[in-house]
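These notes concern the structure reproduced below.
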Amino acid sequence: MSAVYYEGKGSFSVGACRVEAPALGEVRLDVAYCGVCGTDLHIAHGAMDARVASPQVIGHEMSGTVAEVGDGVEGFAVGDAVVVRPLDSRGETPADRGFSHISRNLKFLGIDAPGALQASWTVPAFTLHALPEGVDLRLGALAEPLAVACHDVRRGQVGPGQTAVVIGGGPIGLLIALVARARGASILVVEPNAGRRALAEEFGFAVLDPAADDVAGTIAAETADAGADVVFEVSCSADGILAATKHAAVRGRVVVVAIFPEPKPVALFDLFWKELDVVGARVYEPEDFDAAIALIASGSLDLERLVTAVEPLERVPELFDELRGGRQAMKILVDCRA
Ligand SMILES: [Zn+2]
């Protein structure tokens, strides 16, 4: 049984997995698949060394099966297929006003605590969501990023008949587009990368290149000149946040999904003139995981198309070298099975 350890300064090693018997309230999992996400790549760039311990196992987009059940755990049995909602909010205080998913002492499993890029992972049972019978564990590993998208779409109050513009067609942007379409909205994806545009087109979305296409004109034509009901800013670009308020309709909504590490100019006049609502959306609540799992189980999203490759655990250090070197990928899954 192997594990991938982050050693700091962007380096990784593969070693023996530390198999931990579950304590009170914990469950030990056999990890099946773990997805690689932008945050993991950020860690691999050494950009989060102040936050991530080393050596430490990272990874937070997983699926697996229950291997051992600790005392005091109800509702799960050995062999159950599960995913982990990687949030530990046991440090929540009354000042967090009940929003435990964004509580100030939140620990994110796979960043602030050991994660899933290993064959065996022991976690608190309160993080588990069961996968329905028959769900492909590879698609189950997409539950975490899909739950992000479900949360974003819920924060955007997307409903039938609305028009939603998604600025940024990476993995999260595409998942938002898929969930918003499943909620009955018409979607326009704005993405500068040709490979990403091609994939969005394969999913049947109308896709625009901000460098070459008339984005504002197309949105106007699609909405009888009104603008979009909801705009998702997923590009993390200065142009993106300016475009987001520009493309929103009167009393429309802008959802800030991207993690902007630095302040960026916002066209406050747009907010004033059109009475826009701007909302932030960060991670997910349990109901978003339930919604994501229901969408996966429905088989309606064609999620298989998002999976660029499935790589063995032993290749993870090389894989991060390739991604840092510019390898293009939508979603890479790591096969963690022993
Ligand atoms: Zn992630």
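Observations on the model:
To keep it simple, each residue is scored yes or no on (1) assigned by TED's automatic domain parsing to the domain that holds LEU306; (2) under 17 Å from LEU301 (Cβ atoms); (3) over 21 Å from the mean Cα position of the chain (by Cα); (4) assigned to a strand (DSSP E or B).
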residue: VAL166; (1), (2), (3), (4): no, yes, no, yes
residue: GLY195; (1), (2), (3), (4): no, no, no, no
residue: ALA216; (1), (2), (3), (4): no, no, yes, no
residue: VAL231; (1), (2), (3), (4): no, no, no, yes
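- Restricting attention to the stretch 197-213, the residues that are in a loop (DSSP other than H, G, I, E, B) and farther than 14 Å from ILE167 by Cα total 3.
- Checking PRO22 against (1) surrounded by fewer than 16 Cβ atoms within 10 Å (Cβ to Cβ); (2) over 19 Å from the mean Cα position of the chain (by Cα), the condition it does not meet: (1)
- Only one of ILE187, ILE259 that is assigned to a loop (DSSP other than H, G, I, E, B) and either at pLDDT below 95 or not assigned by TED's automatic domain parsing to the domain that holds MET48 (or both): ILE259
- Considering the stretch 103-151, the residues that are under 19 Å from GLY38 (Cβ atoms) and of a type in the set (Val, Ile, Thr) include one that is nearest to the ligand (Cβ to nearest atom), namely VAL148.
- GLU74 being in contact with a Pro (Cβ under 8 Å, 6 or more places away or on another chain), away from the ligand (no atom under 15 Å from the Cβ) and either not basic (Lys, Arg) or not assigned by TED's automatic domain parsing to the domain that holds GLY115 (or both): no
Conditions tested, residue by residue: (1) part of a helix (DSSP H, G or I); (2) within 30 Å of ALA338 (Cα to Cα).
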position	(1), (2)
PHE126	yes, yes
GLY134	no, yes
VAL148	yes, yes
GLY173	yes, no
ALA177	yes, no
ARG181	yes, no
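- Out of GLY35, GLY64, one residue alone is away from the ligand (no atom under 16 Å from the Cβ), assigned to a strand (DSSP E or B) and in contact (Cβ under 8 Å) with a residue 40 or more places away in the chain. It is GLY64.
- Scanning the stretch 27-36 for any residue that is buried (at least 20 other Cβ atoms within 10 Å of the Cβ) and among the small types (Gly, Ala, Ser) turns up at least one such residue.
- Candidate set from the stretch 284-303 (those that are within 24 Å of ALA194 (Cβ to Cβ) and touching a Leu at 6+ places or on another chain (Cβ under 7 Å)); member that is surrounded by the most Cβ atoms within 10 Å (Cβ to Cβ): LEU301
The values are calculated or read from the model by the stated rules, or taken from the named source; none is laboratory data. Remember, it's a predicted structure, so these values are computed and weren't measured experimentally. Cβ: placed from backbone, ideal geometry, glycine included. Neighbour counts: every protein chain shown.
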